[in-house]
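First the structure, in the form of structure tokens, and then the observations on it.
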Amino acid sequence: MTHLRSKTRKAVPACAVALLMLALPGMAQDADEGPAHDDIPTLDDLLDDLDAGDLDLDDLRTLGLAVFSTPFNTYDGLGDGPFDPAETDTATFGHRPTLQGNGLSLRVNGLDAQSCNECHTIVSNRTKPPTLGFAGVGGIVQNAIIMPSLIDVADSFDDRVVFQPGHDPSLPLVFDGVADYNGRFANPPFLFGGGGVELLGKEMTADLQYLLAEARSAPAGTVTLLKTHGVDFGSITSLGGGDVELDVEGIGPEDITGVPAEEVLVVRPFGRKGESFTMRDFDRGAMQFHFGIQPVEVVGEDLDEDGDGVDNEVSVAEMSVLHIFDVTNARPRVRHLGPAAVQGFETFVDIGCAECHHPVKKTRSRKVPLAHPEDPIDPSADVYLRINLVRAGFDPAPGGGVFVPLFADLKRHKMGPGLAETFERGEIANDEFTTARLWGVADTAPYLHDGRATTLFQAIELHGGEAQTARDAFMALSVSQQKKLLRFLRKLKVPKKPNEDLL
């Protein structure tokens, strides 16, 4: 573990941090008494205590677990501020309307929870009863309903229900059994192994930025392939004078016109659509969307952007320890396969599943760098802490690095019209999704981006688009071969007793 940061810091007595740690089990208070989450020292103070040996990494993880699991209340800044009729976009964060005017919750566009753990509660859905814990998946009831302006729950077809200008005309009001909807619907994934995924994404981004720099200095007409860690993201053509033309796939927004090449070539492995470049980046948006809590690093210090009477709702230090908790979650595991499961794995490879679900990746480094502020283009900038992922259960690789057995490629793929969303506000095509990481898949039903598949067989059957050939090959297998492939997938398990060491 290595930590780097500026030398200008304010000292804090170690006893203050010790008292804080003793207080953690009873952090939540009655709403009338004040915030549910106590303030913690600044990030520099925490790093000083880490240097001095007064805190260790598990102490920081415990602080992060408190941020993850504390049910925030209105004294913490829970909820958006008062509704503002002058808002030009009432679907975005800050002054969203609330359900039936209750002033706090909405559910159909965020404002739907008090803690991260409300969505990430299920460690295993294969046990009876399900195994609950911290940082797991969510059931369908925990799906996020994201930024709709239309939900026709009654499948209306009379002329009292009309579209407003700007609504997608491909969502006609037809009495057809379809509850028309123009938002996104996302089933919560688990956090296990997130440090390995983040390290891979950062190394891949660094490689792509290096290739871009090479292409800018190359003679006109030079074609540079955008390959990193065994994944092909397309190519760059040098135009001379530092100009380039991108021909990319599975990365960047759907329309890259006018977007700087540096911004396009950022691997974003988090979120079902591949929107976030780190777990912290995802958390910033989740804080605002789910809780109406404004991170200082987004809105600024001592600013009450949403007008709810609370400023500094979640500090840089709190976001940092949450990030540390995120990336130190143990990785999923592979149980002993046995002859039938080995044959299933061989079939998995033979029919093309492994073309997107790459079984394992190897990183160059063993340490995931954490930064503040974060620069998506330069993962090496402003790093304050490096965490050895061997501590999170990753196997060391010969020559350095770790093995990340994620069964994915950190790239988006077109999945066909059957899975396409009807979202109107996104920068990513509605039929594109980041390759699902299959590690832990035995325990994490329901499947696919919105949980529409209740079994692994159904999940495979619903594949389309770029996965159509592999899907058809699976459906053409004998029942015996299908069972062996599914037997292999059921060996991909979540970690045992994740995070119990922090309790």
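The values are calculated or read from the model by the stated rules, or taken from the named source; none is laboratory data. Bear in mind that the values here come from a model prediction, so they are computed numbers and not experimental data. Reconstructed Cβ throughout: ideal geometry from the backbone, glycine too, with neighbour counts over all protein chains shown.
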(request) List the number of the failed condition for residue 386; all other conditions in (1) in contact with a His (Cβ under 9 Å, 6 or more places away or on another chain); (2) in a loop (DSSP other than H, G, I, E, B) hold. (result) (2)
(message) Name the single residue that is surrounded by the fewest Cβ atoms within 10 Å (Cβ to Cβ) among those in the range 183-202 being assigned to a loop (DSSP other than H, G, I, E, B) and among the aromatic types (Phe, Trp, Tyr).
(response) 190
(request) For the range 331-355, name all the residues that are within 18 Å of residue 444 (Cβ to Cβ) and in a loop (DSSP other than H, G, I, E, B). (result) 331, 332, 335
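If you check 429, 420, 354, 392, which single one turns out to be more than 25 Å from residue 212 (Cα to Cα), touching a residue at least 60 places away in the same chain (Cβ under 8 Å) and in the same structural domain as residue 487 (by TED's automatic domain parsing)? Break it down stepwise before answering.
Details: 429 fails: more than 25 Å from residue 212 (Cα to Cα); 420 fails: touching a residue at least 60 places away in the same chain (Cβ under 8 Å); 354 fails: touching a residue at least 60 places away in the same chain (Cβ under 8 Å).
392 is the lone residue from the list that is more than 25 Å from residue 212 (Cα to Cα), touching a residue at least 60 places away in the same chain (Cβ under 8 Å) and in the same structural domain as residue 487 (by TED's automatic domain parsing).
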(message) Quick test for you: out of 482, 468, pick the one residue that is at pLDDT 95 or above and surrounded by fewer than 17 Cβ atoms within 10 Å (Cβ to Cβ).
(response) 468
(message) Suppose we filter the range 303-343 for residues that are under 18 Å from residue 495 (Cβ atoms) and among the charged types (D, E, K, R); how many remain?
(response) 4
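Report yes if some residue within the range 383-395 is at positive phi, aromatic (Phe, Trp, Tyr) and modelled with pLDDT of 95 or more; otherwise report no. Show your work before the answer.
In the first step, residues of the range 383-395 are kept if they are at positive phi; the result is 393.
Cutting the leftovers down to aromatic (Phe, Trp, Tyr) gives us none.
Checking the range 383-395: not a single residue is at positive phi, aromatic (Phe, Trp, Tyr) and modelled with pLDDT of 95 or more.
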(request) Filter the range 338-352 for residues that are buried (at least 20 other Cβ atoms within 10 Å of the Cβ) and within 23 Å of residue 402 (Cα to Cα) and give the result. (result) 345
(message) Can you tell me which condition residue 423 does not meet? The list is (1) in a loop (DSSP other than H, G, I, E, B); (2) crowded, with 20+ Cβ neighbours inside 10 Å, and all the others hold.
(response) (2)
(request) Search the range 217-234 for residues that are buried (at least 18 other Cβ atoms within 10 Å of the Cβ) and pair each with any residue that is of a type in the set (Phe, Trp, Tyr) and assigned to a strand (DSSP E or B) when their beta-carbon atoms are under 8 Å apart and the residues are at least 6 apart or on different chains. (result) 226/233
(request) Working carefully through the options 290, 358, find the one that is modelled with pLDDT of 95 or more, within 27 Å of residue 75 (Cβ to Cβ) and outside any strand (DSSP E or B). (result) 290
(request) Only residues that are surrounded by fewer than 19 Cβ atoms within 10 Å (Cβ to Cβ) and either touching a strand residue (DSSP E or B) at 6+ places or on another chain (Cβ under 9 Å) or over 27 Å from residue 286 (Cα atoms) (or both): list them for the range 245-258, please. (result) 245, 247, 248, 249, 254, 256, 257, 258
(request) Would you point out the residue of the range 53-111, among those that are outside any loop (DSSP other than H, G, I, E, B) and among the aliphatic types (A, V, I, L, M), that is nearest to residue 142 (Cα to Cα)? (result) 108
(message) Against the conditions (1) over 20 Å from the mean Cα position of the chain (by Cα); (2) buried (at least 18 other Cβ atoms within 10 Å of the Cβ), where does residue 335 fall short? Just the number, please.
(response) (2)
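Restricting to the range 411-437, and then to whatever is over 15 Å from the mean Cα position of the chain (by Cα) and among the hydrophobic types (A, V, I, L, M, F, W, C), can you tell me which residue is nearest to residue 271 (Cα to Cα)?
428
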(request) Hey, can you tell me all the residues within the range 32-49 that are part of a helix (DSSP H, G or I) and either in contact with a helix residue (DSSP H, G or I) (Cβ under 7 Å, 6 or more places away or on another chain) or β-branched (Val, Ile, Thr) (or both)? (result) 43, 46, 49
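Just name the residue that is farthest from residue 244 (Cα to Cα) out of those in the range 176-225 that are at pLDDT 95 or above and hydroxyl-bearing (Ser, Thr, Tyr).
So in the range 176-225, the residues at pLDDT 95 or above come out as 184-225.
Remaining after also requiring hydroxyl-bearing (Ser, Thr, Tyr): 205, 210, 217, 222, 224.
Working: 205: 18, 210: 14, 217: 10, 222: 10, 224: 10 Å.
Among residues in the range 176-225 that are at pLDDT 95 or above and hydroxyl-bearing (Ser, Thr, Tyr), the one farthest from residue 244 (Cα to Cα) is 205.
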(request) Among the residues of the range 113-144, count how many are under 20 Å from the mean Cα position of the chain (by Cα) and either in a helix (DSSP H, G or I) or farther than 22 Å from residue 437 by Cα (or both). (result) 9
